[in-house]
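The values are calculated or read from the model by the stated rules, or taken from the named source; none is laboratory data. Only a predicted model underlies this, so the values are computations on that prediction, with no experimental measurement involved. Ideal geometry is used to build each Cβ from the backbone, glycine not excepted, and the neighbour counts take in all protein chains shown. Just the protein is used for accessible areas: all its heavy atoms, side chains included, with ligands, DNA and RNA removed. Shrake-Rupley method; radii C 1.70, N 1.55, O 1.52, S 1.80 Å.
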Amino acid sequence: MLKLKTVFNFELLGMVQKKSLLVTTAIMCVIALLITTIPTFMVWFGGDGSEEESGGDGGAAEEYTLVYENDELRESLSPMLGEETYSSEEELREAVENEEVASGFVVEDYNRYTYITYDSSNFSSEQMSFESQLKTLNENRLFDENGIDSQQVREIMNQPIEQETVYLGKDAGSGTAIAFGVLITMYLLILLYGANVATSVAREKDSRTMELLITSSNPRTLILGKVGAVGLTGILQVAAILLSVVIGFTLNKGNYPDVLLDMLQGTMTMDVVLVYILFSVLGYILYLFIYAALGSLVSKVEDVNSAVTPITFLFVLAYFAATFATNAPDNTIVKVTSFIPFISLFTMPIRYMLTSVPIASLLISSAIMVITVVLFAALSIHIYKFGALNYGNRLRFKDVIKSFKK
Amino acid sequence: MDLVIEDLNKSFNDKQVLKGINLKIKSGQIFGYLGRNGAGKTTSMRILMDVFKADSGSITMDGKEFKTTDYRIGYLPEERGMYGKFKVKDQLVYFAELRGASKKEAQHSMKKWAEEFGIDIYLDQKLETLSKGNQQKVQIAQAFICEPDILILDEPFSGLDPVNSKIFQDSLLNYIREDRIIIFSSHQMGYIESFCDDIAIINNGQIVLAGDLNIIRKQMGEGKLRLRFADQQSRDFLAGYDYTIEKEDVILTLPPSETKKSFIEGLFSRGIELTMFMDYLPSLQEIFIEKTGDNHVKA
């Protein structure tokens with residue numbers, strides 16, 4: 001126990017002494033502060049910016065490149081749609097081909113037109129807006145012809161519906177942003193610190209420091225101390241950044257739009273935070289142990305990447321499953337994966353926050369997670385012990401499995 | 001203190017690395033442990049340090065079961081390395097603490113051995129910024145730190161320049177005490193001959209020779225003589241004898257039918273003049289080659 005503390009302190013010292021770590025943490029804290037201050041900046045600089053933007057889709061029509069098929073159309077439509085740009089369809093085609101204009105419309109009738117463009121893109125907002133405008137004009141014309149007051153018809157058709165939704169369970173929409181934020185944070189944390197712990201183990205082997213370590217302490221102490229210290233450093237780093245977010249948020253809270261406030265505060269209840277912490281920390285530890293064990297299988301630092309590929313691959317899959325879960329937290333796949341420890345670290349908290357999860361499911365998933373962490377810690381200690389003094393060729397899994405039989 | 005290893009066996013992947021090792025290592029002297037590469041030296045040392053468990057066999061200290069936790073063990077491995085990115089003092093204290101010292105004791109001992117090896121001015125520097133020679137001194141200091149009860153040195157002289165070698169030799173000789181066991185493993189026979197009283201030679205996982213080096217040399221030289229003739233022609237007398245020539249000397253194996261006395265009388269009766277006549281004592285190198293060389297050649 002005493003030695004564990006010694007190893008832990010030493011490893012922590014090694015981590016904290018890294019200038020790169022301190023600098024990146026500081027930079028990320030500053031970025032977090034800046035991002036949380038964006039609403040305040042928007043209030044300072046762009047007070048009426050939103051109104052300026054909305055001017056575009058009002059009466060003053062968009063500038064279309066137009067050709068009217070006949071004089072009647074030209075006379076009745078040009079005050080609303082705009083003046084003719086080219087006198088014939090051929091001229092328009094030529095202009096488009098010569099790239100003088102990107103596209104243009106040939107109005108053939110009140111309810112028929114040809115759109116001429118060079119390359120077809122999937123979606124043309126220009127065409128859509130033109131079409132809707134033409135449609136409205138045609139409707140108005142028909143109303144007037146039939147002696148109906150088009151103004152009145154418009155008013156009747158545009159009656160707003162007032163609505164209010166009462167969520168008895170959970171509101172998935174408002175938590176998605178947070179789910180995604182935590183997901184990205186955990187993803188980066190595990191990838192960065194996983195690689196860190198694997199490299200650290202491999203470096204001890206590479207430099208033959210392992211010879212001294214393994215003869216003056218036991219493998220369990222060494223790996224526990226290392227995983228503990230590296231793990232804590234990661235958590236501290238995240239905590240520092242999170243603190244900056246909280247500080248930034250608190251300072252600028254007054255300038256946040258209500259919608260955003262609801263999104264941030266509505267879903268973050270105490271139990272959600274606890275579930276997040278439980279699963280994130282356990283999952284993090286689980287991955288760190290595996291990374292440490294894999295790091296001990298190679299003799300050179302440069303081989304670490306290939307050694308950790310399998311677990312990184314699994315982890316990236318878990319990440320994709322989780323991204324899917326943020327969009328469809330009720331999906332069966334998400335439910336199933338929230339019981340698989342390597343993935344549940346992401347999916348269970350997301351499910352818990354965005355949907356209603358029975359307490360039994362939560363407990364079962366937590367139990368599976370805890371048991372897996374303990375099992376994999378034991379397995380990692382074994383692999384580490386086996387790998388620590390094996391130099392030369394990279395060890396294969398079958399060698400490790402063979403070693404169990406003893 | 002008597003450290004006794006009995007009938008130690010160890011296999012890796014069906015390959016038996018140690019085959020019934022027996023060793024008796026006494027405190028108050030330096031024990032020389034010899035063997036060719038891959039003979040099983042490091043494996044047996046690692047079992048002693050509890051890195052591996054033996055498949056069978058026992059290790060006792062003064063008759064009681066040997067537990068690594070009851071003793072401080074200092075180790076200088078053949079392949080050395082420490083943390084390049086850490087300050088010298090931090091890692092020396094760390095290794096001392098891993099060995100069971102308190103923080104205070106570790107710091108005190110760290111200063112003492114750093115001074116002994118002349119690296120005290122580098123304590124606040126990162127190891128990787130030191131010259132190779134100074135890095136070696138740090139590694140040697142690491143083995144001595146906190147005065148281990150058992151000091152295991154695997155090829156301690158490899159890579160040391162003559163000056164560092166001398167510093168290390170002096171420290172090693174000063175370190176001998178009645179309550180300390182020192183195990184010295186090396187290929188450099190000269191050092192073993194000059195430092196060690198008891199030796200053991202391991203070959204293919206078996207101890208092929210063990211005991212007091214002086215007695216071993218006498219035994220191995222028994223029935224052999226070292227002669228130096230006054231003139232080369234006199235060597236003709238040796239026709240029919242089993243002998244080898246070593247520079248000016250003749251190393252002769254007496255046939256069972258003859259004694260030293262009868263042999264020398266035979267020389268004198270023919271008027272052959274000798275400038276030297278003595279019992280032959282083989283060098284450790286010769287003993288080592290005799291005990292470990294043939295088997296490997298045959299294999």
Is there a residue being closer than 22 Å to B:Thr68 by Cβ, of a type in the set (S, T, N, Q) and within 13 Å of the chain's Cα centre (by Cα) anywhere in the range B:181-201?
yes
Would you confirm, using the coordinates I've provided, whether A:Val336 is closer than 14 Å to A:Phe289 by Cβ and in the same structural domain as A:Phe180 (by TED's automatic domain parsing)?
no
Restricted to the range A:1-17, and to residues that are open to solvent by 70 Å² or more (accessible area, probe 1.4 Å) and within 12 Å of A:Val230 (Cα to Cα), which residue is farthest from the other protein chains (Cβ to nearest Cβ)?
A:Val16
Quick check, is B:Ile272 under 32 Å from the mean Cα position of the chain (by Cα) and at pLDDT below 90?
no
Being facing chain A (nearest Cβ under 10 Å) and outside any loop (DSSP other than H, G, I, E, B) is the filter here; which residues of the range B:44-55 pass it?
B:Met45, B:Arg46, B:Leu48
Since B:Lys53 meets every condition but one in (1) more than 21 Å from the chain's Cα centre (by Cα); (2) open to solvent by less than 50 Å² (accessible area, probe 1.4 Å), which condition does it not meet?
(2)
For the range B:145-160, does any single residue satisfy the condition of being surrounded by fewer than 16 Cβ atoms within 10 Å (Cβ to Cβ) and not β-branched (Val, Ile, Thr)?
yes
Filtered residue count, the range B:192-233, keeping only those that are outside any strand (DSSP E or B) and over 14 Å from B:Ile25 (Cα atoms)
20
Taking the condition among the aromatic types (Phe, Trp, Tyr), away from chain A (no Cβ under 11 Å) and closer than 21 Å to B:Thr68 by Cα, does B:Phe144 pass?
yes
Residue that is outside any strand (DSSP E or B) and either polar (S, T, N, Q) or touching a residue at least 60 places away in the same chain (Cβ under 8 Å) (or both), where the choices are B:Gly32, B:Gly28
B:Gly28
Condition set in contact with a strand residue (DSSP E or B) (Cβ under 6 Å, 6 or more places away or on another chain) and of a type in the set (A, V, I, L, M), scope the range B:225-266, selection farthest from B:Met278 (Cα to Cα): answer is B:Ala230
Looking at B:Glu265 and the list (1) modelled with pLDDT of 85 or more; (2) surrounded by 14 or more Cβ atoms within 10 Å (Cβ to Cβ), which single condition is not satisfied?
(2)
Would you check which residues across the range A:187-206 are modelled with pLDDT under 90 and either open to solvent by 40 Å² or more (accessible area, probe 1.4 Å) or away from chain B (no Cβ under 14 Å) (or both) and list them?
A:Asp206
Wholly within the range A:157-258, which helices (runs of 4 or more DSSP H) include no fewer than the required count, namely at least 1 residues that are over 30 Å from B:Glu78 (Cα atoms)?
A:172-206, A:219-252
Residues that are within 13 Å of chain A (Cβ to nearest Cβ) and not β-branched (Val, Ile, Thr), drawn from the range B:68-79
B:Tyr71, B:Arg72, B:Gly74, B:Tyr75, B:Leu76, B:Pro77, B:Glu78, B:Glu79
For B:Pro156, the lone unmet condition from (1) in contact with a helix residue (DSSP H, G or I) (Cβ under 6 Å, 6 or more places away or on another chain); (2) part of a loop (DSSP other than H, G, I, E, B) is (1)
Being at pLDDT 85 or above, closer than 30 Å to A:Leu317 by Cβ and more than 14 Å from chain B (Cβ to nearest Cβ) narrows it down to one residue among A:Gly173, A:Gly228, A:Gly181; which is it?
A:Gly228
Residue tally, condition assigned to a loop (DSSP other than H, G, I, E, B) and surrounded by fewer than 20 Cβ atoms within 10 Å (Cβ to Cβ), over the range B:56-79:
8
Look through A:Ile364, A:Ile343 and report the one residue that is free of Cβ contacts under 8 Å to residues at least 40 places away in the same chain, within 26 Å of A:Leu224 (Cβ to Cβ) and not charged (D, E, K, R).
A:Ile343
Within the set of pairs 6+ apart or on separate chains, which have a first residue in the range B:127-141 that is open to solvent by 20 Å² or more (accessible area, probe 1.4 Å), a second that is modelled with pLDDT of 90 or more and among the hydroxyl-bearing types (Ser, Thr, Tyr), and C-beta atoms under 8 Å apart?
B:Asn134/B:Tyr122
Restricting to the range B:80-105, name every residue that is more than 7 Å from chain A (Cβ to nearest Cβ), in a helix (DSSP H, G or I) and under 14 Å from A:Ser216 (Cα atoms).
B:Gln91, B:Leu92, B:Val93, B:Ala96
Of the criteria (1) in contact with a Lys or Arg (Cβ under 9 Å, 6 or more places away or on another chain); (2) more than 13 Å from chain A (Cβ to nearest Cβ); (3) open to solvent by less than 10 Å² (accessible area, probe 1.4 Å); (4) over 27 Å from B:Gln16 (Cα atoms), which one B:Lys111 fails
(3)
Just checking, how many residues over the range A:118-153 are assigned to a loop (DSSP other than H, G, I, E, B) and surrounded by fewer than 15 Cβ atoms within 10 Å (Cβ to Cβ)?
10
For B:Glu178, indicate whether it is in a loop (DSSP other than H, G, I, E, B), away from chain A (no Cβ under 14 Å) and either touching a residue at least 24 places away in the same chain (Cβ under 8 Å) or not aromatic (Phe, Trp, Tyr) (or both).
yes
Within the range B:218-239, track down each residue that is out of contact with any Asp or Glu (no Cβ under 9 Å at 6 or more places or on another chain) and open to solvent by less than 90 Å² (accessible area, probe 1.4 Å).
B:Gly223, B:Arg235, B:Phe237, B:Leu238, B:Ala239
Hits in the range B:268-285 - residues which are free of Cβ contacts under 8 Å to residues at least 12 places away in the same chain and either open to solvent by 70 Å² or more (accessible area, probe 1.4 Å) or within 20 Å of B:Gln219 (Cα to Cα) (or both):
B:Phe268, B:Ser269
